[in-house]
Structure formats: C-alpha cells, structure tokens
Amino acid sequence: MEHVKWTDVTHGHICTPLGFSAGGLHCGINRKRKDLGWIYSSVPAKAAAVYTTNIFQAPPLKVTQESINENKTLQGVLVNSGNANSCTGEIGFINAYEMRRIYAQKAGLLENDVAVISTGVIGEQLPIQKIQQGVESITTIEGVRDYDAFHHSILTTDTFPKQACVQITIDGKTMTIAGAAKGSGMIHPNMATMLGFITTDINIQSSALNQALKDVTNETFNMITVDGDTSTNDMVLVLANGLANNSEWSLHDQEYLLFKEGLKQVCESLAKQIARDGEGATKLIEVQVKGALTNSDAQTIAKTIVGSSLVKTAIYGEDANWGRIVSAVGYSGILFDPMNIHISLGPIKIVENGLPISFKESEAALYLKNEKIDIHIQLGEGTNNATAWGCDLSYDYVRINASYRT
C-alpha cells in the first residue's frame, strides 16, 4: 500500500463521495444570509463525532450524541446558524428534539437517524417555527448536490466557506473523503466554535472510524487557536456510507492507516482554513516544534506560541519581536534546556543555542509581509514533533466581537 497516495480533488465537496446530498436555505434566523443546511445519505452511514470540552454543552450536541449512540449510524444532518441553542434550559432540549423530529419526518427517517447542530448567539431560544417552515419548504432532499448553499448556511462570522476533498483508487475502486467546515472566532479546541462535516463512501468499521477521528482531531482541529476561547456547541462529525463497495476496513488492516492519512489530509486542510479565517485575521501562522521529549510537550509549546496575544499582535504589526516567541516557549510549562533551543522566523534564524543572533531587520520585516508566517522551534530534547496553526490579532478582531450580537 506504500505506493498508493491520496490526491486532492480541486473542486471536490461533501457531495463528491457517492450517495451524499446537501443543501441550504434562508429560513429567517439570520436577517439575510442562509441559515439552515442539511446533509443526507442515501443509505445509513456509520457515524462518529468529537465534541466541545466546554462543560456547558448545548442541547443539540447531547441530542446528536443520543442519535449516534443508538446504532452508531446516521442518515441525515440538520444544522442552523444564527442561534446556538445553548444555555437555553429545558426549552432548549425540547427545541433540539423537535428540530430532529422535523427533519426526520421530512426525509422519511427515524428520529435516531438524524443529527442536529446549531451555531450562533448563545442564550437565546431557538426560533423553532422558522426552522420548521424552512424544512417544510425543501422540495427535494435526495439527489440534491447544492453543496455551496450548505457551506454558506453554516457560516457565522466566517469570511469564506471551507472545503477539502481527496480521492484514492485501489483495485479499480475510487474512494473519496470530503469535508466542509465553519469557524472564525472562539477557536481554541479541544473543539470550539467550529463545525466540521466529513463525508466518505468508504466501507469502514465503526470502531475504526471512531478511533481514526479521535486521533486525527488531536493532530489537526485540536492544534488550531484563534483567541483562546472555547465555545459550548460545536463538533466534528464524520459519516461513512460504504457505497464505494470496498471490503470493510478494520483497525487491524493496513488500509486503516491509509484511511487515517486521507482523513488527516482533509481535516488538516480544513483546520488551516479555519485558522486563516480568524476574525479580522490578515495572516496564517504555522508553528512547527521539533525535538521535544514527548509529543504532548511539542503540542503544548506549539499551541502556546500560536495562542500568545503578544506573538499574534507582533505578527500583525510585522515586527520581528523574537523575545515574544521565546517568552511564550518559556511560560508553556514544559521543561527543557533553554541553551539548546533554536528559533527561526521562516528562513531567518533569530535564536541559536538559546541566545539571539544578528539578523537583518529589513529581511525579517519583508518576510512578515507574507500571508503565511512560519515559526520553527528546535528544542534538542528528543524526537517528537508537532505543528499548530493560528492567526494574527488585528484591530478588526475587537470590532467584530464588540458588536457580535448587534
């Protein structure tokens, strides 16, 4: 299997895997923008999900967990933006169940075949009548491939939709993994204000699908940060309907590792797009930490740097303030020998053996004008590496979040 590789599908989308339909519309939660979207699989799909770690988990998450736990399968997903249905008490649960019932009835499914997801303003009751009217206005569910409408229906403060798709051919069978996501602010996983939807036509065991999603999430979605806030709602959901007709892959198959590679390729692309679209962001920041004693050490240092407000503002101001990077590494809580550390800003070495070295400020300033900024850390403690993604912190971040509800 070593010579087999996943290839990017330039115009691929969540309806590219066999058997998936999607759409979106405006039902009136938002003033003008689309705010209600759906996904449908022509056959039951094995399902797995990871959820926010915020203790205030919103009712839709718990209803979706119930659906998945029933049979480890789903056939439909209904999602709204503009209202998170979070911190809404018993009425919030009633509305989440009603949202599930409405879509199940429309699609001819059992209620436990449906996941429901909400995102938007916290603490306001869901306008369930608008959702009901929106679902009733859907003329056709199966066979609709309006993925663009779905993408736009899930957005809140995002400036662009996020999508990714990869394919592979084995024994004459073409298999696809695709994804769509939303996320812009309150991004500091373990899961935050972001939604991820992954569809695939690969036949894979439920236990393998669940394990792959957990492992890949830890290396992708859980390695992005925009502002350090963790929200109440969101999740990454993967549906695998098996319509590629490959023999079922399990945890112990060589193909399982191949599946994880493809899933990681999709999830990493979506995670980087989310980081780049941080509210008011002008630059994507990628931090690579190498030579850590443990993988956890590498992840912690990488996320600490990319989450530092002072590092983020320096990147926005195109100021090669290496002291802010060193400081973030130092307060990460990870023990290391500071005299072994090497730091580079893109191709420009700024610290060697724990001490600053001379570099041309003009070259650094020119590099910082790029839309993607790389920070490289070599610890010299071990063999473990990690990468984290984030964005700069601009004046617009304050403007956007100061008036989010109004």
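Scanning the stretch 8-23 for residues that are open to solvent by 20 Å² or more (accessible area, probe 1.4 Å) and outside any strand (DSSP E or B) yields V9, T10, H11, T16, L18, G19.
Tally the residues that are in a loop (DSSP other than H, G, I, E, B) and open to solvent by 10 Å² or more (accessible area, probe 1.4 Å), restricting the search to the stretch 38-54.
Our first condition is that a residue be in a loop (DSSP other than H, G, I, E, B); within the stretch 38-54, this holds for 52-54.
Restricting the remaining residues to those that are open to solvent by 10 Å² or more (accessible area, probe 1.4 Å) gives 53-54.
Total satisfying the criteria: 2.
The set of residues from the stretch 181-213 being open to solvent by 10 Å² or more (accessible area, probe 1.4 Å) and either modelled with pLDDT of 95 or more or under 18 Å from D253 (Cα atoms) (or both) comprises N203, Q205, S206, S207, N210, Q211.
Pairing residues of the stretch 116-133 that are basic (K, R) with residues that are crowded, with 18+ Cβ neighbours inside 10 Å, at Cβ distances under 6 Å and at least 6 apart in sequence or on separate chains, gives K130/C27; K130/I29.
So, in the stretch 24-36, how many residues would count as being over 20 Å from the mean Cα position of the chain (by Cα) and assigned to a strand (DSSP E or B)? Going through the stretch 24-36 one residue at a time, the tally reaches 1.
Quick one: in the stretch 155-180, which of the residues that are modelled with pLDDT under 95 and open to solvent by less than 30 Å² (accessible area, probe 1.4 Å) is nearest to D277 (Cα to Cα)? Of everything passing the filter in the stretch 155-180, D158 is nearest to D277 (Cα to Cα).
Where in the stretch 278-342 are the helices (runs of 4 or more DSSP H), entirely inside, with at least 2 residues that are out of contact with any helix residue (DSSP H, G or I) (no Cβ under 7 Å at 6 or more places or on another chain), touching a residue at least 60 places away in the same chain (Cβ under 8 Å) and farther than 27 Å from S394 by Cα? Please lay out each step first, then the result.
Working: elements: 295-307, 309-316, 322-330.
Per the criteria, 295-307.
Set side by side, the residues I177, I154, I117 differ, and just one is of a type outside the set (D, E) and within 22 Å of K5 (Cβ to Cβ), which is I177.
Annotation: Q57 fulfils all but one of (1) open to solvent by less than 20 Å² (accessible area, probe 1.4 Å); (2) among the polar types (S, T, N, Q); (3) within 21 Å of the chain's Cα centre (by Cα); the unmet one is (1). Could you check the stretch 257-277 and list, in sequence order, the residues that are crowded, with 23+ Cβ neighbours inside 10 Å and among the aliphatic types (A, V, I, L, M)? Correct list: L263, V266, L270, A271, I274, A275. Quick check, is D392 at pLDDT 90 or above and open to solvent by less than 60 Å² (accessible area, probe 1.4 Å)? No.
Among the conditions (1) farther than 28 Å from Q211 by Cβ; (2) open to solvent by 10 Å² or more (accessible area, probe 1.4 Å), S247 misses just one, which is (1). All conditions but one from (1) charged (D, E, K, R); (2) modelled with pLDDT of 95 or more; (3) open to solvent by 20 Å² or more (accessible area, probe 1.4 Å) apply to K62; the one that does not is (2).
For beta carbons closer than 6 Å, sequence separation of 6+ or different chains, a first residue in the stretch 92-106 that is closer than 22 Å to Q57 by Cα and a second that is assigned to a helix (DSSP H, G or I) and at pLDDT below 95, the qualifying pairs are G92/P59; F93/P59; A96/P59; A96/P60. Here is a check on your reading of the model: is S86 in a strand (DSSP E or B), out of contact with any Leu (no Cβ under 6 Å at 6 or more places or on another chain) and at pLDDT below 95? So S86 fails the test.
Among the residues that make up the stretch 91-99, is at least one of them touching a Gly at 6+ places or on another chain (Cβ under 9 Å) and of a type in the set (V, I, T)?
The answer is no, given that none of the residues of the stretch 91-99 is touching a Gly at 6+ places or on another chain (Cβ under 9 Å) and of a type in the set (V, I, T).
Going by what's in this entry, would D35 be described as in contact (Cβ under 8 Å) with a residue 12 or more places away in the chain, open to solvent by 10 Å² or more (accessible area, probe 1.4 Å) and out of contact with any Lys or Arg (no Cβ under 7 Å at 6 or more places or on another chain)? Answer is no for this residue. Applying the criterion of being open to solvent by 50 Å² or more (accessible area, probe 1.4 Å) and either of a type in the set (A, V, I, L, M) or in contact with a strand residue (DSSP E or B) (Cβ under 9 Å, 6 or more places away or on another chain) (or both) to the residues of the stretch 113-144, the residue that is farthest from A84 (Cα to Cα) is G143.
The values are calculated or read from the model by the stated rules, or taken from the named source; none is laboratory data. Keep in mind it's a predicted model, so treat the numbers as computed, not measured. Please note: Cβ atoms are built from the backbone with ideal geometry, for glycine as well, and neighbour counts cover all protein chains shown. Just so you know, the surface numbers come from the protein's heavy atoms only, side chains and all, with ligands and any DNA or RNA stripped out. Shrake-Rupley method; radii C 1.70, N 1.55, O 1.52, S 1.80 Å.
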